[in-house]
1. Report the FRET efficiency, 1/(1 + (r/R0)^6), for residue 74 and residue 27, where r is their Cβ-Cβ distance and R0 is 22 Å, rounded to 0.05.
2. Could you give the nm distance between label points at residue 50 and residue 36, where each point is 7 Å from its Cα heading toward the beta carbon?
3. Which of 81, 54 has the fewest other C-beta atoms within 10 Å, and how do the rest follow up to the most?
4. Hey, with R₀ at 25 Å, roughly what FRET efficiency would residue 88 and residue 43 work out to, going by the Cβ-Cβ distance, to 0.05?
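Each value in this text was obtained by applying a stated rule to the coordinates, not by laboratory testing. These numbers come from a predicted model, not from an experiment. All Cβ positions, glycine included, derive from the backbone under ideal geometry; neighbour counts span all protein chains shown.
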């Protein structure tokens, strides 16, 4: 009787474990730049690419996606360079850049 019970428990255990899938998930490699300070009328250039105007949205936090690693960040106000900095952005991290 005990062996029949043990066999039934083992059979149920193996039947339930058949749907188990093991794997590794990895987050996409990306980081973020968040600009703080006086962001009004500021144009930013990251790694010498296309310049963009910082968005002004007080209701939500605005971040810009970049690849992890070192990035040259330049900020201009009224066509004058106000910041030229090399920043390191880690994977899945947000680097805060304070503008003067």
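1. Details: r = 29 Å, r/R0 = 1.30.
It comes to 0.15.
2. 2.9
3. On the way: 81 10, 54 16.
Least to most surrounded, the residues fall as 81, 54.
4. Values: r = 22 Å, r/R0 = 0.90.
In this case the efficiency is close to 0.65.
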